[in-house]
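Bear in mind that the values in this text are calculations on the coordinates, not laboratory data. A quick note: this is a predicted structure, and the numbers were derived from the prediction, not measured. In this analysis, Cβ positions are derived from the backbone assuming ideal geometry, glycine residues included, and neighbour counts consider all displayed protein chains.
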Amino acid sequence: MRACHLASLLVAAGCSGESLPSPSAVRALRVVALVTETPEVAPGERARVTAAWVDPTPGRALEARWQLCAEADVGDPRRCAAASEAMDLGDGESVTTPPLTRPGVYFVLVAACVGGAPTLRRDLGHWRCADGGYAEEVFRRIAVTLAGPRNRPPGIAGWALTRGDAAVNLPLEGDAAVSLPPCDRAECGPWSLRLRPAEDAAETLPDGGREALSASFFVTSGSTDRPRDTASPGASRELAVRWTPAGSSAAVWVVLRDQRGGETARGATVTGSGR
């Protein structure tokens, strides 16, 4: 039930074994998460969804358009954009749905562009940007359930960059900037990008089991040794990757997910190469 890239679904369907860029490398506008207070609501409740987007070129104007579809009406979320049943939810970085009255699954879709509002091309079944390219289309599921405890997003207790004795704590709120300290040549190397989940981040499942937490990491320059780290069910251990910076500045993002659609995103601008 996490946020999914429609373009990624299309690419995966036609993949022929060619080497693809790392999912952690953000080289164009990317919506890395669609965050909600809960991915499960009771009948008649509204859901507020916020896009966590990353642009490797700071300062550009970003615009988005939102839609809502019921799974019972469209089946496949890739049909939502051009479906006659789709409801336009307006623009902006966040959106609040109307009351969701019918039990079942709904798709909330966002189309994002740089330098102009997305335009729907029903003949193509997708949104397009002002330059003619495809918009960044991402959807997430919202479940309307009659009973039971609602899932909540997993909490983040802290995240940081570490290397040897050096540690740079990253902000838990806002889009703050931090600087990496310089290092002697003998001590230079990759940084560990570490996320510490809250102790209660992994909730109990309806069957009595525990959620398995995973963290996806995103950087606008440099490279990571892997795109994500996953804990065993019930564990709230530290999740980490190794990041080798490149250049003098980068946006760094992390998305902590449970296995039921809860996700929490944090981002920061990191300056200095740490070299």
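Quick look at the numbers
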{"read-out": "Amide H within-cut-off set for CYS188, under 5 Å, with H built and near neighbours excluded", "value": "none"}
{"read-out": "Ellipticity estimate at 222 nm from DSSP helix runs (n ≥ 4, -39,500 (n - 2.57)) divided over the chain, nearest 500", "value": "-1000 deg cm²/dmol"}
{"read-out": "Residues CYS188, CYS129, sorted so that the one with the fewest Cβ neighbours within 10 Å comes first", "value": "CYS188, CYS129"}
{"read-out": "Neighbour-count ranking [beta-carbon atoms within 10 angstrom, fewest first] of ASP175, ASP73, ASP123", "value": "ASP123, ASP175, ASP73"}
{"read-out": "Karplus 3J(HN,Hα) series, Hz, for the range 22-32 with 6.51 cos²θ - 1.76 cosθ + 1.60 (x for Gly, Pro)", "value": "4, x, 7, 7, 9, 10, 8, 3, 9, 8, 8"}
{"read-out": "5 angstrom amide H check on ALA246, placed H, neighbours 5+ away", "value": "GLY222"}
{"read-out": "Extent along principal axes [Cα atoms of the chain; Å; largest to smallest]", "value": "61, 50, 37"}
{"read-out": "Estimated vicinal HN-Hα couplings, Hz - the range 122-127 in sequence order (Karplus 6.51, -1.76, 1.60; Gly, Pro = x)", "value": "5, 5, 9, x, 8, 8"}
{"read-out": "Ranked ARG102, ARG228, criterion: other C-beta atoms within 10 Å, fewest first", "value": "ARG102, ARG228"}
{"read-out": "Among LEU29, LEU205, LEU68, residue whose mean-square fluctuation peaks in a GNM of the chain (springs only between Cα atoms under 10 Å)", "value": "LEU205"}
{"read-out": "Per-selection Rg to Rh, the range 156-271 - Cα, Kirkwood hydrodynamic radius", "value": "1.01"}
{"read-out": "Phi-based couplings in Hz for the range 157-167 (Karplus 6.51, -1.76, 1.60; Gly and Pro marked x)", "value": "7, x, 8, 7, 10, 10, 7, x, 8, 8, 9"}
{"read-out": "Rg/Rh ratio calculated on Cα atoms of the range 4-144 (Kirkwood radius)", "value": "0.96"}
{"read-out": "Estimated D of the range 95-191 in µm² per second, where Rh is the Kirkwood radius over Cα pairs and Stokes-Einstein applies at 37 °C, 0.692 mPa s", "value": "176 µm²/s"}
